[in-house]
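K.L.:
Quick one: the structure is below, and I'll ask about it shortly.
The values are calculated or read from the model by the stated rules, or taken from the named source; none is laboratory data. Please read all numbers here as calculations on a predicted model, not as lab measurements. Cβ placement follows ideal geometry from the backbone for every residue including glycine, while neighbour counts extend to all protein chains displayed.
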Amino acid sequence: MWDRDVRAYRSGLLSYLPEGFAAPRLFDIHEDSNGGLWLWLESIADMYGGNWPRNYYGLAARHFGHFNGTYLARRQVPDYWLLKRDWAKPHSGAAPHIDDLLMRARGRREFNATFLARVRALIDDQPLLLRALSELPQTLCHHDAATANLFARVARNGITETVAVDWEEIGPGAVGAELATFVFGTMRRCEFPSTDARALDRLAFDGYVRGLQTAGWDGDPRLARLGYTAAVGLRWFLLTGILQISTDERVRDKVEKEWSKLAETLLSQWIPLAHFLLDCGDEARSLAAMCGKAG
């Protein structure tokens with residue numbers, strides 16, 4: 001198990017989670033003779049077999065909103081040293097060889113001039129998105145809430161709850177940022193059709209805001225929307241990945257082996273997702289200016 005995940009349990013970070021949201025129960029922590037740490041956790045099974053009905057995405061987002069809202073309205077974000085505080089850093093580096101990629105992609109039927117210009121603009125605006133996220137209300141986040149790490153179940157008290165695993169990324173983050181992995185990350189992993197990205201967007205954001213309000217947060221929902229869309233906008237690596245797959249046979253072969261899927265299958269999922277990503281970037285810029293977070 002990840003050392004940070006172990007420490008999250010040991011520190012008591014997961015001892016309080018609001019109704020409807022849970023982590024697996026901890027039975028024991030064992031240190032082996034080689035210094036390795038092992039967590040003995042409750043076995044969790046998803047009641048839908050991993051194939052959630054669409055309405056459950058809204059409910060799961062509401063559970064995350066309740067979790068985040070609790071640390072916005074009633075509880076202080078803990079100051080434990082183990083928390084991951086640089087969650088946005090991996091997304092904020094310079095895009096490799098972006099000018100070369102844009103040049104090689106020109107003229108391809110998948111990428112018109114407008115698309116490539118929007119890619120360039122989004123990458124150039126990464127500092128603005130990072131600044132906006134740093135200025136928003138901060139809460140405690142799971143930071144890896146794609147559906148691969150989530151399980152739906154009915155608890156002993158009869159309440160339907162979402163159980164989250166893999167807590168090694170836990171740390172502070174902007175209101176709304178939690179949704180970026182839940183929406184974008186789930187589609188990037190091909191676990192929800194990107195052609196219906198707007199449907200998932202609506203379900204998740206509406207549920208998340210209801211969860212925030214249930215927890216007692218009475219802030220402007222536009223701030224949560226800014227945190228969400230700005231955090232999605234940091235995922236520019238999808239754009240450069242698509243351009244590389246489309247123009248470099250070696251990259252194409254490598255990706256097919258890693259994903260065990262044909263490149264065309266992946267591109268059919270990722271290209272519509274790229275347009276959604278660019279739309280989120282546009283929305284984040286507009287909201288940052290509207291909310292006074294554009295510097």
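K.L.:
Quick check on Asp206: is it in contact with a helix residue (DSSP H, G or I) (Cβ under 7 Å, 6 or more places away or on another chain), at pLDDT 95 or above and outside any loop (DSSP other than H, G, I, E, B)?
P.N.:
On the way: in contact with a helix residue (DSSP H, G or I) (Cβ under 7 Å, 6 or more places away or on another chain): yes; at pLDDT 95 or above: yes; outside any loop (DSSP other than H, G, I, E, B): yes.
Answer is yes for this residue.
K.L.:
Another question about this same structure. Which residue pairs have Cβ atoms closer than 8 Å, lie 6 or more positions apart in sequence or on different chains, and pair a first residue in segment 147-164 that is farther than 16 Å from Gly207 by Cα with a second residue that is in a loop (DSSP other than H, G, I, E, B) and basic (Lys, Arg)?
P.N.:
Pairs that qualify, where the first residue is farther than 16 Å from Gly207 by Cα and the partner is in a loop (DSSP other than H, G, I, E, B) and basic (Lys, Arg), are Ala148/Arg189.
K.L.:
Identify all residues within segment 173-192 that are surrounded by 24 or more Cβ atoms within 10 Å (Cβ to Cβ) and either in contact with a Cys (Cβ under 7 Å, 6 or more places away or on another chain) or among the charged types (D, E, K, R) (or both); write none if there are none.
P.N.:
Within segment 173-192, Gly173, Ala177, Glu178 qualify.
K.L.:
Within segment 2-13, identify whether any single residue is among the hydroxyl-bearing types (Ser, Thr, Tyr) and not in a loop (DSSP other than H, G, I, E, B), and answer yes or no. It would help to see each step written out before you state the result.
P.N.:
Going through segment 2-13, the residues among the hydroxyl-bearing types (Ser, Thr, Tyr) turn out to be 9, 11.
Pick out the ones that are also not in a loop (DSSP other than H, G, I, E, B) and you get 9.
Looking through segment 2-13, at least one residue is among the hydroxyl-bearing types (Ser, Thr, Tyr) and not in a loop (DSSP other than H, G, I, E, B).
K.L.:
Run down Gly50, Gly20, Gly58 and say which single residue is more than 19 Å from Leu140 (Cβ to Cβ) and either buried (at least 16 other Cβ atoms within 10 Å of the Cβ) or among the aliphatic types (A, V, I, L, M) (or both). Show your work before the answer.
P.N.:
Numbers: Gly50 fails: either buried (at least 16 other Cβ atoms within 10 Å of the Cβ) or among the aliphatic types (A, V, I, L, M) (or both); Gly20 fails: more than 19 Å from Leu140 (Cβ to Cβ).
Result of the check over Gly50, Gly20, Gly58: Gly58.
K.L.:
Now, a different point. Can you confirm whether Arg118 is exposed (fewer than 12 other Cβ atoms within 10 Å of the Cβ), in contact with a helix residue (DSSP H, G or I) (Cβ under 9 Å, 6 or more places away or on another chain) and in contact (Cβ under 8 Å) with a residue 24 or more places away in the chain?
P.N.:
On the way: exposed (fewer than 12 other Cβ atoms within 10 Å of the Cβ): no; in contact with a helix residue (DSSP H, G or I) (Cβ under 9 Å, 6 or more places away or on another chain): yes; in contact (Cβ under 8 Å) with a residue 24 or more places away in the chain: yes.
No, not satisfied.
K.L.:
Then there's this: So, of the residues in segment 250-273 that are aliphatic (A, V, I, L, M) and touching a residue at least 40 places away in the same chain (Cβ under 8 Å), which turns out to be surrounded by the most Cβ atoms within 10 Å (Cβ to Cβ)?
P.N.:
Here is the first cut: in segment 250-273, the residues aliphatic (A, V, I, L, M) are 251, 255, 262-263, 266-267, 271, 273.
The next check asks that each one be touching a residue at least 40 places away in the same chain (Cβ under 8 Å); those that pass are 266-267, 271, 273.
Values: Leu266: 20, Leu267: 19, Ile271: 16, Leu273: 24.
Checking each candidate, the answer is Leu273.
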